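Remarks on the structure that follows.
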Amino acid sequence: MGDDMGYSLLLYQMPNYYKNIQHIEVDSSGMLSAAPYLVMWLVGLVWAAIMDKLTANNTLSILSVRRLSQAVAMYSPGLGLVGMCFVNCSSTLSVVVLCLVVGLNGTIISGHFCSHQDLAPNLAGTLLGLTNTGASLMGVVAPIFVGAVTQNNTE
């Protein structure tokens, strides 16, 4: 649920951040809003290939891969979002930090998204459906949370 809350916050509020805080025109912020998710996709693919090689060589166990992937996916974006406090009005720096923050979350694919298969291979689809349903509730909570915190403050 925590991962989905952060994902939803960024997904829904990134265009507002670019428009209201960084003062980037909405029509040009579409590509800027998509860039972090492109980086996330690429990081997920590269990370999965690296983790596959490490498990094939018996360098890391499956449990270590899950733990490492989960740690990188959860802690790095948290630290990166703290770093967003220091970008001030630098549009370029804010895009770079957001690409790094969201990109590192791509390692989650080798983390908890695979754990359902590890726990119960015959019920992995059902388990993922149940856990993802609960986590998706954060997509409803995230905009409410942002509205309560910002209270129409855009500067």
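The values are calculated or read from the model by the stated rules, or taken from the named source; none is laboratory data. Please read these numbers as outputs of a predicted model, since none were measured by experiment. No Cβ is skipped: glycine too gets one built from the backbone with ideal geometry, and neighbour counts run over all protein chains shown. Surface areas here come from the heavy atoms of the whole protein model, side chains and all, with no ligands, DNA or RNA. Shrake-Rupley method; radii C 1.70, N 1.55, O 1.52, S 1.80 Å.
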* Specify which of the listed residues (Ser76, Ser69, Ser115, Ser64) is within 18 Å of Gly44 (Cα to Cα) and in contact with a Lys or Arg (Cβ under 8 Å, 6 or more places away or on another chain). => Ser115
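For every residue, the table says whether it meets (1) over 20 Å from Thr150 (Cβ atoms); (2) in a helix (DSSP H, G or I); (3) within 14 Å of the chain's Cα centre (by Cα).
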| position | (1), (2), (3) |
| --- | --- |
| Tyr17 | no, yes, no |
| Ala48 | yes, yes, no |
| Asp52 | yes, yes, no |
| Asn105 | yes, yes, yes |
| Ile109 | yes, yes, yes |
* **Near pairs, Cβ below 8 angstrom, 6+ apart or cross-chain, from the range 119-134 (free of Cβ contacts under 8 Å to residues at least 60 places away in the same chain) to any residue that is assigned to a helix (DSSP H, G or I) and open to solvent by 90 Å² or more (accessible area, probe 1.4 Å)** => Ala124/Gln117; Leu127/Leu119
* Asked: Could you say whether any residue in the range 14-30 is open to solvent by 80 Å² or more (accessible area, probe 1.4 Å) and closer than 16 Å to Pro77 by Cβ?
  -> no
* Phe113 versus (1) open to solvent by less than 60 Å² (accessible area, probe 1.4 Å); (2) farther than 16 Å from Leu10 by Cα; (3) under 14 Å from the mean Cα position of the chain (by Cα); (4) not acidic (Asp, Glu): which is the lone unmet condition? -> (1)
* **Given (1) closer than 15 Å to Met1 by Cα; (2) free of Cβ contacts under 8 Å to residues at least 60 places away in the same chain; (3) open to solvent by 40 Å² or more (accessible area, probe 1.4 Å), number of the condition Phe145 does not satisfy** => (2)
* Specify which of the listed residues (Leu104, Leu100, Leu137, Leu60) is open to solvent by less than 60 Å² (accessible area, probe 1.4 Å), aliphatic (A, V, I, L, M) and touching a residue at least 60 places away in the same chain (Cβ under 8 Å). => Leu104
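Matching residues to (1) in contact (Cβ under 8 Å) with a residue 12 or more places away in the chain; (2) surrounded by 18 or more Cβ atoms within 10 Å (Cβ to Cβ):
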| site | (1), (2) |
| --- | --- |
| Ala34 | no, no |
| Val43 | yes, yes |
| Ala48 | yes, no |
| Thr55 | no, no |
| Ser64 | no, no |
| Ser76 | yes, no |
| Asn88 | no, no |
| Leu93 | no, no |
* To do: Can you confirm whether the range 1-8 contains a residue that is in a helix (DSSP H, G or I) and without any contact (Cβ under 8 Å) to a residue 24 or more places away in the chain?
  => no
* Asked: Can we say Thr133 is part of a loop (DSSP other than H, G, I, E, B) and more than 20 Å from Pro36 (Cα to Cα)?
  -> no
* For the range 72-86, which residues satisfy the criterion of being more than 13 Å from Gly2 (Cα to Cα), aliphatic (A, V, I, L, M) and either at pLDDT 85 or above or touching a strand residue (DSSP E or B) at 6+ places or on another chain (Cβ under 8 Å) (or both)? -> Val72, Leu79, Val82
